[in-house]
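Asks: Handing you this structure, nothing more for now.
The values are calculated or read from the model by the stated rules, or taken from the named source; none is laboratory data. The structure presented is a predicted model; accordingly, all values stated were derived computationally and were not measured. Don't worry about glycine lacking a Cβ; one is built from the backbone with ideal geometry, like all the others, and counts go over all protein chains shown. Keep in mind that these areas ignore ligands, DNA and RNA; they rest on the heavy atoms of the full protein, side chains included. Shrake-Rupley method; radii C 1.70, N 1.55, O 1.52, S 1.80 Å.
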Amino acid sequence: AQSVTQLGSHVSVSEGALVLLRCNYSSSVPPYLFWYVQYPNQGLQLLLKYTSAATLVKGINGFEAEFKKSETSFHLTKPSAHMSDAAEYFCAVSVPTGANSKLTFGKGITLSVRP
Amino acid sequence: EAGVAQSPRYKIIEKRQSVAFWCNPISGHATLYWYQQILGQGPKLLIQFQNNGVVDDSQLPKDRFSAERLKGVDSTLKIQPAKLEDSAVYLCASSYRPGTSPTDTQYFGPGTRLTVL
């Protein structure tokens with residue numbers, strides 16, 4: 001079965017600083033990986049996804065993530081944090097299971113941005 | 001394009017009562033999902049529909065939870081009777097393709113926050 005590990009529950013950065021949110025996955029087959037963002041009282045919104053086309057994936061709002069098979073990682077980065085980036089971020093993995101596929105989420109990381 | 005709609009947004013009930021949530025997916029989306037998100041955790045899939053058929057309900061507590069998707073569009077999720085541990089946000093999501101693909105993007109509604117007292 002596939003799983004995702006997001007170490008730590010909270011990350012705090014200063015406005016303008018680098019954002020790095022870590023995600024490691026476990027899968028017995030080649031995975032597809034996603035990052036979703038959840039703002040307060042809202043549903044989840046897709047930031048970016050890895051579908052094996054390219055290992056460096058660019059998403060919305062200046063975020064990007066790099067798939068590293070050797071490290072089983074898919075860390076999310078943004079060069080310069082903005083106050084509006086404060087939210088909860090979820091990494092998720094999807095693998096085919098027979099005729100179906102299932103999206104499995106990590107526990108999430110809360111990002112705070114200090115002025 | 002309208003997003004996934006859910007109602008109500010908030011619900012407070014006492015344990016052993018029943019409750020129902022409604023979801024209207026994005027028009028034309030064949031696959032519909034219900035997730036349970038407990039505070040401090042990621043969403044957990046409860047049930048997945050493809051058109052109006054159930055694809056996966058392995059994580060649905062069937063002794064108290066039920067769901068249906070009539071005519072392959074709207075869906076309702078019901079809990080009867082509710083327990084304290086059912087307090088969570090219930091998220092509905094939909095995706096376009098009728099066949100399940102692991103690369104499909106799921107589009108989420110705002111969720112229903114349930115508090116069981």
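Asks: Checking residue B:115 against (1) within 23 Å of residue A:101 (Cα to Cα); (2) assigned to a strand (DSSP E or B); (3) among the hydroxyl-bearing types (Ser, Thr, Tyr); (4) open to solvent by 20 Å² or more (accessible area, probe 1.4 Å), only one condition comes out false. Which one?
Replies: Every condition holds for residue B:115 apart from (1).
Asks: Among the residues of the stretch A:11-46, which ones are more than 11 Å from chain B (Cβ to nearest Cβ), closer than 21 Å to residue A:84 by Cα and in a strand (DSSP E or B)?
Replies: A:11, A:12, A:13, A:14, A:19, A:20, A:21, A:35
Asks: Which numbered condition in (1) of a type outside the set (A, V, I, L, M); (2) under 28 Å from residue B:4 (Cα atoms); (3) in contact with a Lys or Arg (Cβ under 8 Å, 6 or more places away or on another chain); (4) within 14 Å of chain B (Cβ to nearest Cβ) is the only one that residue A:64 fails?
Replies: Of the numbered conditions (1) of a type outside the set (A, V, I, L, M); (2) under 28 Å from residue B:4 (Cα atoms); (3) in contact with a Lys or Arg (Cβ under 8 Å, 6 or more places away or on another chain); (4) within 14 Å of chain B (Cβ to nearest Cβ), the odd one out for residue A:64 is (4).
Asks: How many of the residues in the stretch A:76-115 are of a type in the set (A, V, I, L, M), away from chain B (no Cβ under 14 Å) and open to solvent by 70 Å² or more (accessible area, probe 1.4 Å)?
Replies: So the answer is 1.
Asks: Tell me which strands (runs of 3 or more DSSP E) are completely within the stretch B:1-100 and hold 2 or more residues being facing chain A (nearest Cβ under 10 Å), or say none if there are none.
Replies: Where strands (runs of 3 or more DSSP E) fall fully within the stretch B:1-100 and carry at least 2 residues being facing chain A (nearest Cβ under 10 Å), they are B:31-37, B:44-50, B:53-56, B:88-95.
Asks: Let me ask something else about it. Go over the candidates A:84, A:80 one by one and state the one that is part of a helix (DSSP H, G or I), touching a helix residue (DSSP H, G or I) at 6+ places or on another chain (Cβ under 9 Å) and either in contact (Cβ under 8 Å) with a residue 24 or more places away in the chain or hydroxyl-bearing (Ser, Thr, Tyr) (or both).
Replies: Matching residue, one of A:84, A:80: A:84.
Asks: Restricted to the stretch A:47-61, and to residues that are within 14 Å of chain B (Cβ to nearest Cβ) and touching a Phe, Trp or Tyr at 6+ places or on another chain (Cβ under 8 Å), which residue is surrounded by the fewest Cβ atoms within 10 Å (Cβ to Cβ)?
Replies: So, considering only residues that are within 14 Å of chain B (Cβ to nearest Cβ) and touching a Phe, Trp or Tyr at 6+ places or on another chain (Cβ under 8 Å), the one surrounded by the fewest Cβ atoms within 10 Å (Cβ to Cβ) is A:52.
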